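Quick notes on the structure that follows.
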Amino acid sequence: MKRRLAVLALAIASPLALAQDAPADMPEGDYERGRLVFGQCRTCHYPEPEVGHNNGPSLYRIFGQVAGKQPGFEHYSDSFREAQFVWTPQLLFLWLADPLAMFPDTTMMARGIPDPQQRADLVAYLKRASIRGLEAAPESATVPAADEEIQP
């Protein structure tokens with residue numbers, strides 16, 4: 001856990017450090033299993049573009065977005081408003097392990113997802129939703145590897 005927090009701290013300071021270190025620790029995710037894991041997140045977040053924000057910010061195309069800066073969402077904690085990092089699949093994977101470790105003042109009420117495989121599955125689900133939207137993603141669509149860039 002201490003290693004993950006150190007990697008997370010480096011990621012905030014230097015996104016390149018995360019891109020070089022975290023993928024080895026991140027298992028390959030499965031979209032379908034991630035869809036099930038996302039059920040607990042749906043209370044506050046939606047990945048569909050037509051739904052928008054809820055109690056939490058929209059997660060549609062979250063990868064590549066600067067944390068705490070989504071237009072139209074006004075309920076970020078001070079730490080998120082001041083954040084200067086971009087969400088990557090690897091950073092989200094680390095964040096989801098223990099959100100309170102990164103930003104203790106977060107308004108996010110989830111304790112995290114301790115199981116690395118479930119986190120990787122959730123990331124795979126959000127990747128697919130970010131690429132094509134949930135309805136447009138055919139079953140045969142491939143999900144990029146953890147270290148691939150997602151093009152909007």
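The values are calculated or read from the model by the stated rules, or taken from the named source; none is laboratory data. Note that the structure is predicted; figures quoted are calculated from it, not measured. In this analysis, Cβ positions are derived from the backbone assuming ideal geometry, glycine residues included, and neighbour counts consider all displayed protein chains. Keep in mind that these areas ignore ligands, DNA and RNA; they rest on the heavy atoms of the full protein, side chains included. Shrake-Rupley method; radii C 1.70, N 1.55, O 1.52, S 1.80 Å.
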**Message:** Among the residues of the range 54-61, are any open to solvent by 20 Å² or more (accessible area, probe 1.4 Å), aromatic (Phe, Trp, Tyr) and under 16 Å from residue 127 (Cα atoms)?
**Reply:** yes
**Failed condition for residue 89, given (1) surrounded by fewer than 17 Cβ atoms within 10 Å (Cβ to Cβ); (2) closer than 22 Å to residue 128 by Cβ** = (1)
**Request:** Please enumerate the residues belonging to the range 9-57 that are at pLDDT 85 or above, part of a helix (DSSP H, G or I), of a type in the set (D, E, K, R) and touching a helix residue (DSSP H, G or I) at 6+ places or on another chain (Cβ under 7 Å).
**Result:** 33, 35
**Request:** State the number of residues belonging to the range 114-133 that are open to solvent by 10 Å² or more (accessible area, probe 1.4 Å) and under 22 Å from residue 102 (Cα atoms).
**Result:** 5
**Asked** Within the range 69-77, is even one residue under 18 Å from residue 126 (Cβ atoms) and within 13 Å of the chain's Cα centre (by Cα)?
**Response** no
